[in-house]
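Trainee: Here it is, the structure in full.
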Amino acid sequence: MTSVLKWDFTQMLLKLVDYSYDIICQKIKRVKMITLTKEDREIIENSIREIPNFPKEGIIFKDITTILNNPTAFTKLMNHLEERYKSYNLDYIAGIDARGFIFGAILADRLNIGFVPIRKKGKLPYTTVSEKYALEYGFDEVEVHIDAFPKESARVLLIDDLIATGGTAKAGVSLINKIGANCIEACFILELDFLNGKEGIETEVYSVIHID
Ligand code: AMP
């Protein structure tokens with residue numbers, strides 16, 4: 001009798017160890033998947049071209065057309081974003097005009113969720129809600145269709161290519177929340193850390209590459 005009990009207890013203990021091991025492995029796998037290797041990050045970063053003094057003197061323009069044109073870097077980037085956001089339970093991705101459309105629409109398709117364009121003023125045909133903001137180089141205004149997120153209290157990821165002063169991102173987050181959705185996170189391929197753009201943004205911020 002005692003030996004049967006001992007056997008059951010040992011079996012139970014082994015199952016528990018096995019189960020805990022599985023959970024730990026899954027966690028490690030998840031961390032590994034959402035963390036880019038140093039090498040991958042460098043491949044993505046090195047694929048971005050810098051254009052000094054564009055569109056005006058003193059601005060170093062980060063040109064992402066050279067990532068789009070580099071299948072290795074582009075796929076690594078999109079795989080990383082897909083791995084990160086597949087567990088976020090998102091309902092929509094909102095991309096900012098125009099480069100945010102590229103990354104946002106691909107990611108939305110990969111996650112099998114809807115994509116919503118946040119456009120420059122005057123481009124959207126239906127009733128819009130708008131927000132003015134200051135740029136690193138000037139002023140602008142963005143708009144979204146008033147019925148862009150039909151699901152109630154939708155979970156939305158905002159995406160753009162770059163965050164500089166943060167004005168565009170703040171306007172985007174504000175638009176999403178204004179029309180009844182919840183901006184869960186704002187995601188950027190590049191963040192210019194020295195401009196402190198993420199300060200005051202009313203959501204989590206994630207940037208793949210940081211430039212100090
Ligand atoms: P901001 O509102 O200052 O954070 O500016 C972000 C927006 O302006 C993004 O949509 C970027 O595409 C664009 N932008 C601002 N600064 C740069 C830059 N140095 N290089 C490329 N795009 C920029």
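The values are calculated or read from the model by the stated rules, or taken from the named source; none is laboratory data. Computed from a prediction, not measured in an experiment: that's the story for all the values here. Here the Cβ is made from the backbone with ideal geometry for all residues, glycine too, and neighbour counts use every protein chain on show.
Trainee: Let me spell it out: the conditions are (1) in contact with an Asp or Glu (Cβ under 7 Å, 6 or more places away or on another chain); (2) farther than 14 Å from LEU158 by Cβ; (3) not aromatic (Phe, Trp, Tyr), and GLU82 meets all of them except one. Which number is the exception?
Mentor: Among (1) in contact with an Asp or Glu (Cβ under 7 Å, 6 or more places away or on another chain); (2) farther than 14 Å from LEU158 by Cβ; (3) not aromatic (Phe, Trp, Tyr), GLU82 violates only (1).
Listed here are the residues, each with its yes/no results for (1) within 16 Å of the ligand (Cβ to nearest atom); (2) over 23 Å from ALA171 (Cβ atoms); (3) not in a loop (DSSP other than H, G, I, E, B).
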residue	(1), (2), (3)
ARG41	no, yes, yes
LYS76	no, yes, yes
LEU81	no, no, yes
ILE93	yes, no, yes
ALA105	yes, no, yes
PHE115	no, no, yes
ARG119	yes, no, yes
LEU124	no, no, no
GLU131	yes, no, yes
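Trainee: Would you say THR35 is modelled with pLDDT under 95 and closer than 27 Å to ILE184 by Cα?
Mentor: Numbers: modelled with pLDDT under 95: yes; closer than 27 Å to ILE184 by Cα: yes.
Considered against the rule, which asks whether it is modelled with pLDDT under 95 and closer than 27 Å to ILE184 by Cα, THR35 comes out as yes.
Trainee: For the subset of the stretch 154-190 comprising residues that are assigned to a strand (DSSP E or B), within 10 Å of the ligand (Cβ to nearest atom) and out of contact with any Gly (no Cβ under 7 Å at 6 or more places or on another chain), which member is farthest from MET78 (Cα to Cα)?
Mentor: Among them, the one singled out is LEU162.
Trainee: Further question: Assuming GLY197 fulfils every condition listed in (1) over 17 Å from the mean Cα position of the chain (by Cα); (2) part of a loop (DSSP other than H, G, I, E, B); (3) surrounded by 16 or more Cβ atoms within 10 Å (Cβ to Cβ) apart from one, which condition is it?
Mentor: All conditions pass for GLY197, except number (1).
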